[in-house]
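Structure record follows, encoded as structure tokens.
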Amino acid sequence: MAFCRLPAWSSQTVRWFPKAAVSCWPWESAMAFPHLQQPSFLLASLKADSINKPFAQRCQDLVKVIEDFPAKELHAVFPWLVESIFGSLDGVLVGWNLRCLQGRVNPVEYSTAMEFLDPSGPMMKLVYKLQAEDYNFDFPVSCLPGPVKASIQENVLPDSPLYHNKVQFPPTGGLGLNLALNPFEYYMFYFALSLISQKPMSMTLHVRTSDCAYFTLVDRYLSWFLPTEGSVPPPLCSSPGGSSPSPAPRTPAMPFASYGLHTSLLKRHISHQTSVNADPASHEIWRSETLLQVFVEMWLHHYSLEMYQKMQSPHAKLEVLHYRLTVSSALHSPAQPSLQALHAYQESFTPTEEHVLVVRLLLKHLHAFANSLKPDQASPSAHSHATSPLEEFKRAAVPRFVQQKLYVFLQHCFGHWPLDATFRAVLEMWLSYLQPWRYAPEKQAQGSDPQPRCVSEKWAPFIQENLLMYTKLFVSFLNRALRTDLVSPKNALMVFRVAKVFAQPNLAEMIQKGEQLFLEPELIIPHRQHRLFTVTTSFLSPWPPVVTDASFKVKSHVYSLEGQDCKYTPMFGPEIRTLVLRLAQLITQAKQTAKSISDQYVESPTGRSFLSWLTFGLTDTNSCYPANDLDEIGQDSIRKTDEYLEKALEYLRQIFRLSEAQLAQLTLALGSARDENGKQQLPDCIVGEEGLILTPLGRYQIINGLRRFEIEYQGDLELQPIRSYEITSLVRALFRLSSAINRRFAGQMAALCSRNDFLGSFCRYHLTEPALSNRHLLSPVGRRQVTNPARGPRLSLRFLGSYRTLLLLLMAFFVASLFCIGPLSCSLLLVLGYVLYAIAMTLLTERGKLHQL
């Protein structure tokens with residue numbers, strides 16, 4: 001069979017396909033006769049092929065179409081193709097389902113999709129092909145994140161330059177607002193939103209996010225457009241020497257009251273340059289800026305109504321502007337947004353674990369991207385020199401695009417995420433952002449040192465400019481940890497991870513220094529205006545002078561995130577120190593609880609539970625500890641829990657400089673010692689007018705099984721709830737039978753039990769409840785005698801309704817059959833054996849009563 005070579009979409013991959021597979025496509029005849037070509041013929045053919053052809057064949061056809069057809073024909077195909085890949089924005093169509101596509105499960109489909117969507121693959125060639133012709137595509141505003149949608153619908157332009165000059169009024173009779181996006185923006189909007197708009201994966205699907213195609217594509221796009229080495233590769237062009245121009249700025253189609261302070265005029269600056277003076281690096285940096293803005297806007301711009309009012313209102317923006325420039329608000333008076341916009345936005349958004357993992361990947365790459373500056377470029381003195389746009393973008397990417405929205409996103413997660421082990425994903429995302437030094441180039445040189453590295457002083461500006469990320473979110477984590485079960489190894493691991501990160505040498509000191517800078521009083525400094533930040537709107541403008549007032553920078557950071565009227569609680573103040581001491585107390589208590597569970601494992605052999613199941617007695621429903629994940633994992637998990645908690649306690653002692661005497665006092669005040677009966681003490685509570693009232697600590701102890709009240713059934717044993725080891729219908733039938741016997745022979749049983757001879761003792765042993773007169777009503781406050789109604793002798797057959805009793809009887813008949821003993825003879829032997837047992841117990845009971853007298 002003859003073969004022909006198709007243009008490869010990756011420089012590393014060459015594919016060979018049969019010539020018959022590409023020689024008889026329905027649109028080839030149309031290309032030969034242009035006058036027969038219909039505008040929708042190509043799109044209709046591709047739609048039909050998407051149903052009839054296998055996935056690999058469809059991708060091969062798409063490669064051929066992209067190479068052979070002009071942009072005019074591909075313009076109509078592009079929106080359909082993007083939706084067929086990433087799914088519809090309403091989540092109904094899943095497209096190629098990249099979030100579940102894994103290489104080890106579907107290797108052929110995975111490799112085909114990755115090559116097609118690669119930054120240097122055919123899909124990007126199509127994007128650049130359409131970009132060169134300056135095509136625009138409508139994107140519905142209704143599909144944007146809730147805060148953005150509510151803002152635009154009320155004619156208030158969001159602060160991101162991503163939306164400037166792009167909002168279009170609907171035509172007459174049209175529905176909704178649209179954004180006019182260029183092909184690159186349109187593609188990235190769909191790609192980013194597919195993570196949010198698609199339905200969460202089913203719990204039955206065990207898919208590792210890091211192995212799926214979507215996660216890998218995010219990593220490839222970040223590495224391509226935000227390179228840590230070299231510059232952004234130029235777009236692949238179909239024609240030699242061709243270039244993809246930057247999109248021209250559009251005039252706004254509707255009036256807006258913009259309250260953004262960081263309006264990026266990079267694109268406008270570049271588009272106004274002449275082709276002679278245009279810098280190629282500046283010409284292409286807009287793709288990197290667009291990619292980052294799209295990812296941040298789509299993934300981090302989701303939060304509650306209160307956050308939206310606080311962070312996105314023009315009033316909050318003006319507060320920051322007033323503080324920075326110390327000028328009158330009359331000079332900057334953007335229109336207030338309609339209250340309808342604020343109250344109409346009621347988005348209920350809960351990020352998924354997959355969403356958080358992708359955001360963490362973005363943060364890790366941004367740290368590596370920002371830290372890839374050379375030392376001479378990263379130094380403050382280099383700001384005044386001419387630097388490339390990419391280098392300027394590296395300095396500004398995190399503080400200007402990511403910091404605020406990430407802070408709000410993390411606050412939303414800390415406040416709304418369930419109190420379970422899945423919070424680990426949010427925790428690791430937060431800790432990744434707090435440690436940019438982990439992604440610095442010098443990390444590899446010192447990676448072999450087992451001891452924790454001292455955090456260099458060069459990171460002090462980052463810590464000060466992200467103070468709330470360290471302090472306020474640490475307090476939020478403290479409040480979560482105080483409400484979780486620290487006996488669980490997964491929860492103990494999270495406390496250990498946070499304590500370990502904050503205990504890195506010199507980190508706590510730098511955080512404390514940042515707090516001191518923020519809390520120091522305002523001073524009237526003459527000519528302060530000459531040392532303030534310049535509100536610049538372009539990355540290409542000269543970098544502002546270095547600000548030596550560190551206190552001002554910290555205050556500016558806090559006020560920009562929380563507002564100038566915020567009430568800041570110092571992380572190293574007495575209030576937070578009290579919370580840390582409470583956490584240390586709970587850690588100590590959880591360690592003792594884990595040790596008690598471990599002791600129960602040691603004292604209870606594996607076979608003992610089976611033997612106890614076979615006994616006639618009732619199981620102990622008042623066990624010391626409820627079931628948790630320790631019971632399922634076993635002794636190794638208990639050991640890990642104790643290790644995590646021990647190290648976490650030591651790290652907390654280092655961070656907050658707790659003395660050994662304080663920790664010893666906590667252990668003594670814990671009150672977890674056992675009483676004389678070997679049972680735990682009562683939960684923490686106070687005495688009120690109507691008895692004990694649980695404190696918050698007491699509720700925590702009960703919820704997590706650390707302590708409990710002793711509860712016993714004090715009513716009629718015949719009327720107690722049916723247990724799980726009893727047969728419901730049989731218990732009820734036996735109760736009716738025994739009640740009928742008791743009513744019929746009540747007088748005879750009373751007469752027999754009143755006799756003073758051996759027969760009377762024998763009947764009293766079987767027909768009366770033991771120690772009925774000595775039963776007390778237990779109460780934590782006091783005890784009082786139970787006023788039980790007088791109950792005469794009665795017969796109880798309830799023990800025959802137990803699974804264990806029936807199993808023992810079946811085993812007895814089975815063993816008897818092995819010795820050729822029939823059922824009747826076996827029954828007589830069982831009755832005889834029980835009579836002998838009852839006689840012996842009667843004699844022992846009577847002898848015990850004589851000793852008590």
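The values are calculated or read from the model by the stated rules, or taken from the named source; none is laboratory data. Just so you know, these numbers come straight off a predicted model, no measurement behind them. Glycine gets a Cβ as well: all are built from the backbone with ideal geometry, and neighbour counts include every protein chain shown. Protein only, heavy atoms only, side chains kept; ligands, DNA and RNA dropped before computing areas. Shrake-Rupley method; radii C 1.70, N 1.55, O 1.52, S 1.80 Å.
Simple spin-label estimate for Leu795 and Arg400 gives 9.3 nm between the two label positions (7 Å along the Cα-to-Cβ direction from each Cα).
Were the residues from Lys199 through Leu759 laid out at 0.36 nm apart, the gain over their Cα-Cα distance would be 194.1 nm. Sorting the segments 186-192, 162-168, 217-223 by their residues' average number of neighbouring beta-carbon atoms within 10 angstrom, most packed first, yields 186-192, 162-168, 217-223.
Would you list Asp68, Asp485 from the most to the least accessible area, probe 1.4 Å? Could you put the intermediate results ahead of the total?
Working: Asp68 60, Asp485 30 Å².
The ranking, largest first, comes out as Asp68, Asp485.
Between Gln57 and Leu93, 0.36 nm times their residue separation minus their Cα-Cα distance comes to what? The partial results should precede the final answer.
Working: separation 36, 0.36 × 36 = 12.96 nm, distance 2.07 nm.
Between Gln57 and Leu93, full extension yields 10.9 nm more.
Of the whole protein surface, Trp430 contributes about 0 Å² of accessible area at a 1.4 Å probe radius. Accessible area per residue was computed with a 1.4 Å probe on protein heavy atoms; Leu807 scores about 60 Å².
Derived scalar couplings between HN and Hα for segment 473-485 equal 6, 5, 5, 4, 5, 4, 5, 5, 4, 5, 10, 10, 7 Hz in order, rounded to whole Hz, by the Karplus curve 6.51 cos²θ - 1.76 cosθ + 1.60 (θ = phi - 60°), x for Gly and Pro. The modelled label-to-label distance between Ala751 and Asn506, using points 7 Å beyond Cα along the C-beta direction, is 9.9 nm. Accessible area per residue (1.4 Å probe, heavy atoms of protein chains only) ranks Arg287, Arg395 as Arg395, Arg287, with the largest value leading. From most to least packed by mean Cβ count within 10 Å, the peptides 84-94, 585-595 give 585-595, 84-94.
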